[in-house]
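A short reminder: the numbers here are calculations on the coordinates, not readings from a lab. Predicted model, so just to flag it, every value in this text is computed and none were measured. Cβ placement follows ideal geometry from the backbone for every residue including glycine, while neighbour counts extend to all protein chains displayed.
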Amino acid sequence: MSAEILELTAAQAAAAVRAGELDPAELYETYRTRAAGNQLNAFTWVAESAPEFDSSAPLAGVPLGVKDLFCTEGVPSQSGSKILEGYRPPYTATVVQKLYDAGATLLGKTNQDEFAMGSSNENSAFGPVLNPWNTARVPGGSSGGSAAAVAAGLVPWALGTDTGGSIRQPAAFSGIVGLKPTYGSCSRYGMIAFASSLDQAGPLTRDVTDSALLLRHMVGQDANDSTSLAHPDEIQLPSRRDLSGIRLGVPEELLGAEGGIDAGVRESFDRALETARSLGATVDTCSLPHAAYALSAYYIIAPAEASSNLARFDGVRYGLRVDGDGDLTSMYSRTREAGFGPEVKRRIMLGTYALSSGYYDAYYGTALRVRTLIANDFKTAFGDFDFIVTPTAPGVAFELGAKTADPLAMYLNDFCTVPMSLAGIPGISIPSGLSDGLPVGLQLAAPSFAENRLLEAAYALEQAIGFDGSPARNGGAA
Amino acid sequence: MLDRETVDHVAQLARLQLTDAESEKMAIELSQILDHIEAIRSLDLEGVEPTSHVVDVVNALRADVPQPSLPREVALAAAPDPADSGFGVPSPGASAE
């Protein structure tokens, strides 16, 4: 039965439990055993025993992986950082609680780049995560543990967060589906903050239907997050098989030289566009005149917000404390020096510099104006197109260590995902095929709160592409 | 190019006690990143309003009525130095600076 269980998507497993055909305890234990014994370092914590199941609830006890940075009451929530090692929060993040209320159960906390800063999961204080398609490669980041765990069948589905691509890029590298919802549609309460104007929770799943099902139970306004908004629609499970009448826009600025799209990724992307045409879509070049500047604006705005958000880690209320010279300031400085890893320090420094007296307007003020231009570019483009499509990442999963010495090269991974983050619009990455045996991601982006339309289009493409997401069946490691 | 003096000043603002080696490396890496970012300063931004937040919301204020919050012992459970029912810290006055 165990092999059959692993073949089920989360939606299928929930349906089987609800129909009385599958024992939720067996489902849970099958995954728990796999997660606890995993060789990918995908989890920072795995449950030791089964919780209680509500087989009649919508999600019927189906186990869930939750990115480490979501606060889960009584369970380690460390955001991949030594400064929060062993921290067990006294409350649970709103989206996690909503999923519990819908019947989901917590299987484990997934590894991530420290404070979600990274594109390879190599910045975790708890060690890198390995890609199940090739364990010499990274799974992407920052939600790398969630992506690897779903791709390797260690958990049916998982929660991640996306600030500049941290759901979409690891989904692409791991051959699964990753959805960044509209900013504000899911509460950020209880998510250990990186960049508050950009952070958004979202699903990492085996297929588009699972993403829709998980998202349905995540969205909603929350009194504890004043930037959350009520989603205008109930999220529907997609069923559309064609794209007739759909206009796809391919932004020339993101596919040009600066994006550095690999030939294999480009080929897979072009094949996906051909598939879209065969389903009835029209595909045309569109222009997002300022999109190529998005990365620069992002690497001012996100570090600026991070430098402020991470001021709370000071050795006073929780986490690590390292004694100083008997005074408060040296205790702060020593604690933060010992507790933060190199990438987090780099971004705190960058953000502090960009916000410091004399540079504020030149950097932060400029970046906020560029953000306006980028958001306007999308508004204009959506007048002519239903969706913007790009490769999710410029390349496939790279080797561990390949980019750790060059922060800029690492940042360029986000070239095609950051523009949507700055504009606050939803984006989904679905697998478009393989290049050199490694998955390639296709990104579709839609106007704010158009998740249902986005899921329908992604579903139609997914069905037509017919990607086999099993690393094991494709010569992978897991 | 950021010099060491600027890096050390920013580190002090950020309450990061960087080692010499870290500061040296930081000066080089931050300079490279800032060089790349400079590109946006070539854009004509005359008359463009800044966007600090994409969501059009106003400050959400709840009614000013007392509500239960975390019990003191729960709030203090993860504190490195829970002292006198509060968060214990070294004296701000005992500065070594």
Output needed for the range A:1-72: three equivalent-ellipsoid semi-axes, defined as square roots of 5 times the C-alpha gyration tensor eigenvalues, in descending order, whole Å.
21, 15, 11
Per-q log10 I(q)/I(0), chain B, q = 0.20 Å⁻¹ (Debye; single scatterer per alpha-carbon; no solvent):
-1.02
Please give the net charge around B:PHE87, taking every other residue with its beta carbon less than 9 angstrom from that of B:PHE87, where Lys and Arg add +1 and Asp and Glu add -1.
0
Residue (of B:ILE40, B:MET1, B:ILE28) at the positive-pole extreme of the range B:1-41, dipole from beta-carbon charges:
B:ILE40
For the range A:348-387, what size does the Cα cloud have along each of its three principal axes, sorted from largest down, in whole Å?
42, 17, 6
Return the calculated 222 nm mean residue ellipticity for the protein assembly as shown, to the nearest 500 deg cm²/dmol, obtained by summing -39500 (n - 2.57) across DSSP H runs with n ≥ 4 and dividing by the residue count.
-10500 deg cm²/dmol
How do A:89-95, B:17-23 rank on mean C-beta neighbours within 10 Å, highest first?
A:89-95, B:17-23
A:SER187, A:SER357 arranged by Cβ crowding within 10 Å, fewest neighbours leading
A:SER357, A:SER187
For the range A:1-126, what is the convex hull volume of the alpha-carbon atoms per residue, in Å³?
109
Placing unit charges on C-beta atoms (Lys and Arg positive, Asp and Glu negative, everything else neutral), compute the dipole magnitude of chain A about its Cα centre in debye, rounded to 20.
480
Eigenvalues of the alpha-carbon gyration tensor of the range A:385-439, times 5 and square-rooted, give semi-axes in Å, largest first, of 23, 17, 7
Can you compute 3J(HN,Hα) from phi for each residue in the range A:334-339, using the Karplus curve 6.51 cos²θ - 1.76 cosθ + 1.60 with θ = phi - 60°, rounded to whole Hz and x for Gly and Pro?
5, 4, 6, 4, 7, x
Within 10 Å of the Cβ of an average residue in A:323-330, the count of other chain Cβ atoms is 6
Cα-based shape type of the range A:360-478, given that a ≥ b ≥ c are square roots of the gyration tensor eigenvalues and the cut on a/c is 1.5
oblate
At 1.567 mPa s and 4 °C, Stokes diffusion of the range A:193-326 via Kirkwood alpha-carbon radius, µm² per second:
66
For the protein assembly as shown, what is the number of Lys pairs with C-alpha distance below 23 angstrom, counting only pairs 8 or more positions apart or on separate chains?
16
Å³ per residue of the Cα convex hull, for chain A?
133
Roughly how compact is the range B:1-41, stated as its Cα Rg over 2.2 N^0.38 Å to two decimals?
1.19
Pairwise label distance in nanometres, A:ASP233 with A:SER49, each label 7 Å out on the Cα-Cβ vector:
4.4
Based on DSSP, what percent of beta bridges with both residues in the range A:310-467 are antiparallel, to the nearest 5?
100
Please report the spacing between the Cα centers of the range A:262-323 and the range B:25-71 in Å, no decimals.
15
Taking the Cβ of A:TYR298 as the center, what net charge do the other residues with Cβ under 9 Å away carry, scoring Lys and Arg +1 and Asp and Glu -1?
0
Taking max minus min of the Cα coordinates of the range A:235-302 on each principal axis, largest first, gives extents in Å of 41, 33, 20
Around A:THR110, with a cut-off of 10 angstrom between Cβ atoms, what is the net charge of the other residues, counting Lys and Arg +1 and Asp and Glu -1?
+1
Share of Cα-Cα pairs in the range A:299-444 beyond 22 Å, whole percent, is 58
Taking N as the number of residues in the range A:120-193, the ratio of its alpha carbon radius of gyration to 2.2 N^0.38 Å works out to 1.06
